[in-house]
């Protein structure tokens with residue numbers, strides 16, 4: 001009888017032989033699927049962690065905290081890959097603060113699981129005071145990991161605090177339409193600062209900018225403002241940070257008007273590549289060293305680019 005049973009009872013499979021197959025399956029899963037699987041058990045977490053760790057350097061992880069009462073986790077593997085997302089909240093009746101508090105373990109789990117090198121967050125700092133404080137505390141705790149931090153609200157107080165608190169973040173982005181009288185009277189120090197609805201950004205803000213790239217879109221500046229700015233810089237009356245890359249968009253900007261009566265500006269010439277045609281102007285000093293270039297870029301919308309080669313090498 002025992003001999004008969006042994007002849008028909010299948011042997012338990014050697015799971016280690018199946019491990020390469022399992023890994024291949026995991027490597028073809030989407031990030032949210034891996035995330036959900038990692039939450040099933042400690043063994044599942046241990047199994048998927050090596051796969052998630054390999055995704056980390058390429059993965060773009062984006063958290064959005066907003067008044068929809070949801071915390072949204074977006075991910076993508078670059079421009080060519082469409083992103084997917086996962087979001088969570090207990091119920092529509094929950095306050096955002098409750099959703100925020102309950103989501104913290106999940107957020108921390110995602111960060112530890114993928115250890116992404118491209119971590120971004122969009123904060124809504126206008127929901128309620130307690131949630132705002134918790135968002136600031138969370139972003140400050142993640143400051144060394146965050147490389148893109150966005151705020152789209154219209155609170156002038158929050159904009160000032162945002163700029164001062166996260167000056168060490170690699171990229172800061174402001175998209176809210178602030179009041180016409182709003183101004184910033186302290187140096188802007190973020191490495192890469194993008195401001196949309198930038199009517200409040202003045203020439204003085206550009207002089208005092210301490211970063212590397214300054215994007216000023218929908219600006220209230222005019223051609224004449226930039227003409228005076230370039231003259232002051234070229235003459236040595238004022239300095240900008242060495243190697244500054246300045247992007248500006250405003251209505252009716254015109255490079256010939258901007259460079260009019262500025263010495264040592266080259267005749268415009270056209271630079272072509274596979275994607276676009278660029279009309280380029282270059283500014284030189286007396287020994288024919290190029291010290292700045294100006295051109296119009298129209299990949300997504302028309303904007304003026306000014307690149308300063310060396311602030312110490314002028315006329």
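Just a few scattered comments:
- Yes/no for residue 143 being in the same structural domain as residue 218 (by the TED database) and either farther than 28 Å from residue 38 by Cβ or buried (at least 17 other Cβ atoms within 10 Å of the Cβ) (or both): no
- Inspection of the range 171-184 identifies at least one residue that is within 24 Å of residue 309 (Cα to Cα) and either touching a helix residue (DSSP H, G or I) at 6+ places or on another chain (Cβ under 8 Å) or assigned by the TED database to the domain that holds residue 121 (or both).
- Scope the range 31-57; condition loosely packed, with under 14 Cβ neighbours inside 10 Å, free of Cβ contacts under 8 Å to residues at least 60 places away in the same chain and closer than 24 Å to residue 121 by Cα; matching residues: 54
- Only one of the numbered conditions (1) in contact (Cβ under 8 Å) with a residue 24 or more places away in the chain; (2) under 23 Å from the mean Cα position of the chain (by Cα) is violated by residue 200, and that is (1).
- Those residues of the range 257-270 which are under 32 Å from the mean Cα position of the chain (by Cα) and either part of a helix (DSSP H, G or I) or at pLDDT 90 or above (or both), in sequence order: 258, 259
- Only listed residue being crowded, with 19+ Cβ neighbours inside 10 Å, within 30 Å of residue 53 (Cβ to Cβ) and at pLDDT below 85, chosen from 88, 100: 100
The values are calculated or read from the model by the stated rules, or taken from the named source; none is laboratory data. The structure displayed is predicted, hence computed values, not measured ones. Because the Cβ atoms are built from the backbone with ideal geometry, glycine has one as well, and the counts that use them run over all protein chains shown.
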